[in-house]
Amino acid sequence: MNKPNIKTDLPGPKARELLARDALVVSPSYPRDYPFVMSHGKGAQVWDVDGNRFLDFAAGIAVCSTGHSHPAVVQAIKDAADRFLHISSDYWHEGQIKLAERLNELSPMKEPVMSFFAQSGTESVEAALKLARYVTGRGRFIGFLGGFHGRTMGSLSFTSSKYTQQRGFFPSMPGVTHVPYPNNYRPLFAGTDQGRAVLRYIEDVLFVHNVPAAEVAAILIEPIQGEGGYLVPPDGFLQGLRELCDRHGILLIFDEVQSGIGRTGKMFAAQHWDVQPDIMTLAKGLGSGLPIGAVVAKRSIMQKWTRGAHGNTFGGNPLCCAAALATINLVEREYCANAVKVGDYFMRKLRGFADKFTVVGEVRGKGLMIGVELVKNRASKEPAKKLCDALITRAYHNGLILLSCGQSTVRFMPPLVIEEGDVDEAIALLDQSLAEVLASEHAH
């Protein structure tokens, strides 16, 4: 296959110039995978500064839910900017109230909720943790191995998808105990039902020997694990976790930063299993690219916060609220359904792709939150990390923007606006890229 959309070597001359400037003045801590320097985007397409066109199946890490620069979102931001840019959370504005009303209408809790607004996922998680400690009077938490909840010190104490994220920052917030996330493809416990085994471990081992249930404020979990490998929990697990929390007076926090706002084909991933969390965190796709996060909690819980218990200077910014309202309306009206339709089509295509390449161990996901785990061989299931990294880089050179997760999983999180034709193009580029990487491996 030729590459009609790639016009220069990558990175091109303009990109190389910008990369050199960046190296002198920007923190080296950013985990950049390959030298893509963006110029502009539209829908699911992006262009670099040298005029090369790419299909974007990363969407700014699942942020650009309505695609790049959706006209309705851009117009909402422009209209809000004409009125005022900032007022702070010391005062009120209608946009923030409207957004909280919409979240109250749409939330999976099945009872009235209240919202607290921030700028990011990690801030939303921090606020959720503070709320849980405040209302329960308890100090401990349970998180899950492989989870990603942010990089500030409270959320970092839960984040365990890669040790790089914690290296050099110990001690983080005390009181967090991790348990395995149930993974039927890579079982850690005996038995076929890994969900039930994890629940039994928490109740019969952890609570008995190490972490008194009466001291646990909350359990924090991604209903579909993101950075840990796009893991979909076994049916019954989240319901069992809800029942366990109810038995012990523990709050259940769902981190829907990556899985929320239509990404999985429902407004919130929790709705696939009809499980109601007590608290939910949102960010990423909520603002189609503008920085906004939210903690959504049952009103019976959040109303216990008193004046000054928590605050945020930029949270509920009028431009961000306008973008979020426009995004929610678009997702509810058409893009949630599109995630189901195109996601099903994409999964069928990826399963055909898996039939062709024996290094594909598993294809999993819901809606447009899809992971393809690469292995050295299907019998051992040994993660093929180098192959995964090489595929991500080769796909970039062929015009497809991707990211990885877990040890060796390629994740697909395109804008929710994509069409079946975009999927066909992505599959062709993926096929070409993996074939080239495997040929290169054999050549060596």
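Of the residues making up the range 121-128, not a single one is more than 25 Å from Val216 (Cα to Cα), touching a residue at least 12 places away in the same chain (Cβ under 8 Å) and open to solvent by less than 40 Å² (accessible area, probe 1.4 Å). Here Lys7, Lys42 are screened, and the one residue that is within 22 Å of the chain's Cα centre (by Cα) and basic (Lys, Arg) is Lys42. Identify, by number, the condition in (1) closer than 25 Å to Gly67 by Cβ; (2) part of a loop (DSSP other than H, G, I, E, B); (3) charged (D, E, K, R) that Arg364 doesn't meet. With respect to (1) closer than 25 Å to Gly67 by Cβ; (2) part of a loop (DSSP other than H, G, I, E, B); (3) charged (D, E, K, R), Arg364 is out only on (2).
Kindly establish whether Ile142 is touching a residue at least 24 places away in the same chain (Cβ under 8 Å), assigned to a helix (DSSP H, G or I) and either in contact with a strand residue (DSSP E or B) (Cβ under 7 Å, 6 or more places away or on another chain) or open to solvent by 20 Å² or more (accessible area, probe 1.4 Å) (or both). It is false that Ile142 is touching a residue at least 24 places away in the same chain (Cβ under 8 Å), assigned to a helix (DSSP H, G or I) and either in contact with a strand residue (DSSP E or B) (Cβ under 7 Å, 6 or more places away or on another chain) or open to solvent by 20 Å² or more (accessible area, probe 1.4 Å) (or both). For the range 150-162, filtered to residues that are in contact with a helix residue (DSSP H, G or I) (Cβ under 6 Å, 6 or more places away or on another chain) and not in a loop (DSSP other than H, G, I, E, B), the residue that is farthest from Thr281 (Cα to Cα) is Gly154. Of everything in the range 382-424 that is part of a loop (DSSP other than H, G, I, E, B) and acidic (Asp, Glu), the residue that is nearest to Gly41 (Cα to Cα) is Glu419. Does Lys386 satisfy the condition of being open to solvent by 20 Å² or more (accessible area, probe 1.4 Å), modelled with pLDDT of 95 or more, within 28 Å of Asp9 (Cβ to Cβ) and out of contact with any Asp or Glu (no Cβ under 7 Å at 6 or more places or on another chain)? Here the answer is yes, as Lys386 does meet what is asked. Residue pairs whose Cβ atoms lie under 7 Å apart, separated by 6 or more positions or on different chains, with the first residue in the range 40-57 and free of Cβ contacts under 8 Å to residues at least 24 places away in the same chain and the second among the polar types (S, T, N, Q) and assigned to a strand (DSSP E or B), are Trp47/Ser39. Looking across the range 310-341, the residues that are part of a loop (DSSP other than H, G, I, E, B) and either touching a Cys at 6+ places or on another chain (Cβ under 9 Å) or open to solvent by 20 Å² or more (accessible area, probe 1.4 Å) (or both) come down to His310, Gly311, Asn312, Thr313, Phe314, Asn317. Evaluate the range 279-292: report whether one residue or more is assigned to a helix (DSSP H, G or I), basic (Lys, Arg) and under 22 Å from Glu215 (Cα atoms). No, the range 279-292 has no match at all.
Checking each residue in the range 397-422 for being closer than 27 Å to Lys381 by Cβ and of a type in the set (A, V, I, L, M) picks out Leu400, Leu402, Leu403, Val410, Met413.
Look through Leu99, Leu24 and report the one residue that is in contact with a helix residue (DSSP H, G or I) (Cβ under 9 Å, 6 or more places away or on another chain), at pLDDT 95 or above and hydrophobic (A, V, I, L, M, F, W, C). Please lay out each step first, then the result.
Values: Leu24 fails: in contact with a helix residue (DSSP H, G or I) (Cβ under 9 Å, 6 or more places away or on another chain).
Of the residues listed, the single one that is in contact with a helix residue (DSSP H, G or I) (Cβ under 9 Å, 6 or more places away or on another chain), at pLDDT 95 or above and hydrophobic (A, V, I, L, M, F, W, C) is Leu99.
Against the conditions (1) at pLDDT 95 or above; (2) crowded, with 19+ Cβ neighbours inside 10 Å; (3) assigned to a loop (DSSP other than H, G, I, E, B), Lys304 satisfies every one except (2). Just one of the listed residues (Ser259, Ser300) is within 18 Å of Met109 (Cα to Cα), more than 19 Å from the chain's Cα centre (by Cα) and of a type in the set (S, T, N, Q), and it is Ser300. Every listed requirement among (1) in contact with a helix residue (DSSP H, G or I) (Cβ under 7 Å, 6 or more places away or on another chain); (2) open to solvent by 40 Å² or more (accessible area, probe 1.4 Å); (3) assigned to a loop (DSSP other than H, G, I, E, B) is met by Glu436 save one, (3). Just one of (1) open to solvent by 10 Å² or more (accessible area, probe 1.4 Å); (2) over 22 Å from the mean Cα position of the chain (by Cα); (3) within 22 Å of Lys3 (Cα to Cα) trips up Thr393, so point out which. The one condition Thr393 does not meet is (2). Contact annotation: residue pairs with Cβ atoms under 8 Å, 6 or more positions apart or on different chains, pairing a residue in the range 402-414 that is under 11 Å from Arg186 (Cβ atoms) with a partner that is hydroxyl-bearing (Ser, Thr, Tyr) and open to solvent by 10 Å² or more (accessible area, probe 1.4 Å), are Gly406/Ser161.
Per the listing Asp79, Asp90, the residue uniquely modelled with pLDDT under 95 and closer than 20 Å to Phe314 by Cα is Asp90.
The values are calculated or read from the model by the stated rules, or taken from the named source; none is laboratory data. The model shown is predicted, which means the values in this text are computed figures rather than measured ones. Every residue, glycine as well, gets a Cβ built from its backbone with ideal geometry; the counts of neighbours run over all protein chains shown. To get the accessible areas, we keep the full protein, side chains included, count just its heavy atoms, and leave off ligands, DNA and RNA. Shrake-Rupley method; radii C 1.70, N 1.55, O 1.52, S 1.80 Å.
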